[in-house]
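The values are calculated or read from the model by the stated rules, or taken from the named source; none is laboratory data. Values in this document were obtained by computation on a predicted structure and should not be read as measured data. Here the Cβ is made from the backbone with ideal geometry for all residues, glycine too, and neighbour counts use every protein chain on show.
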Amino acid sequence: MALHDLEVALAILTRLPSRLASPPGPRELEASVQWFPLAGVVVAAAAAAVYLLAGLLGLPGLSALLAALAAQLLATGALHELGVARTVAALAEARAPAGDGRERRGTHLATIALVLLLLARVAALTSFWSPVSFAAALIAASAVSRAVLPVVLVATPAATTLRPERSRVALGLGLSAAIALVLLPPLLAAQAILWAGLAAAVTTVYLVRRLGGCDGDGLGAVQQAAELAFLLALAAEGWPRTD
């Protein structure tokens with residue numbers, strides 16, 4: 001059963017090949033939430049492997065980083081990034097006056113937001129040039145940022161019909177924290193988790209107030225905010241130390 005739940009989590013959060021006979025239903029999704037961090041680990045590990053391979057092939061650091069980012073986007077089908085773009089478009093259209101340019105304005109702002117998001121992620125990841133630190137940072141950030149998604153579902157009951165069990169949500173949070181603590185210095189991991197949680201909370205509250213809830217696209221925005229905050233927290237502390 002645990003293996004099936006993990007397969008469901010991978011099918012929901014990635015575009016990797018799946019053995020599932022049919023798309024997961026709501027109850028299957030609810031049962032799989034504790035494995036969301038491992039889905040993040042799989043995606044980040046694939047990106048880290050590409051980064052290592054690119055380095056072995058002689059590509060310069062930034063080129064290897066961009067190749068890893070492309071691998072991450074391919075593994076998820078840019079699921080969360082597209083969620084950011086659609087959420088920004090919805091926010092822009094909700095505030096813009098009715099007219100012919102309303103949808104076009106939303107599209108333009110969504111494109112700008114997506115470009116800035118990717119640039120911010122690249123800027124954060126340039127702090128981790130060695131394959132070991134790159135893998136540790138990306139895997140921990142991916143795990144923690146996906147563990148917060150079920151928390152949003154529990155905290156915003158009016159947003160969706162999904163109701164994961166609190167025990168499963170807690171297991172996912174514990175698993176993601178354990179992954180971060182294994183890969184990073186404990187105090188640094190705790191700080192990064194705190195900042196990721198704060199970013200997720202602020203994003204969720206903002207979307208609930210502006211749009212009345214946090215749908216699937218909103219969850220993508222929450223995940224991206226948490227992942228970026230986690231990486232920036234590591235970068236701000238100057239990890240890994242080179243002296």
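Brief remarks follow.
- The single condition among (1) modelled with pLDDT of 90 or more; (2) under 28 Å from Leu171 (Cβ atoms); (3) assigned to a helix (DSSP H, G or I) that Ser63 does not satisfy is (2).
- If the condition is being without any contact (Cβ under 8 Å) to a residue 40 or more places away in the chain and in a loop (DSSP other than H, G, I, E, B), then the stretch 1-18 contributes Met1, Pro17, Ser18.
- Only one entry in Gly213, Gly218, Gly238 is surrounded by 20 or more Cβ atoms within 10 Å (Cβ to Cβ) and farther than 20 Å from Leu69 by Cα, namely Gly218.
- Of all residues in the stretch 68-84, those satisfying the criterion of being farther than 21 Å from Phe128 by Cβ and either of a type in the set (Asp, Glu) or under 11 Å from the mean Cα position of the chain (by Cα) (or both) are Ala78, Leu79, Gly83, Val84.
- Qualifying residue in the stretch 144-151 (condition: farther than 16 Å from Gly220 by Cβ and of a type in the set (Gly, Ala, Ser)): no
- Count - residues of the stretch 168-189 that are in contact with a helix residue (DSSP H, G or I) (Cβ under 8 Å, 6 or more places away or on another chain), free of Cβ contacts under 8 Å to residues at least 40 places away in the same chain and over 13 Å from Leu149 (Cα atoms): 2
- Filter result for the condition that a residue is over 17 Å from the mean Cα position of the chain (by Cα) and either outside any helix (DSSP H, G or I) or of a type outside the set (Lys, Arg) (or both), over Val154, Val148: Val154
- Residues of the stretch 197-240 that are among the hydroxyl-bearing types (Ser, Thr, Tyr) and closer than 18 Å to Leu173 by Cβ: Thr203, Thr204.
- Residue count, the stretch 19-50 (criterion: surrounded by 15 or more Cβ atoms within 10 Å (Cβ to Cβ) and either part of a loop (DSSP other than H, G, I, E, B) or of a type in the set (Asp, Glu) (or both)): 3
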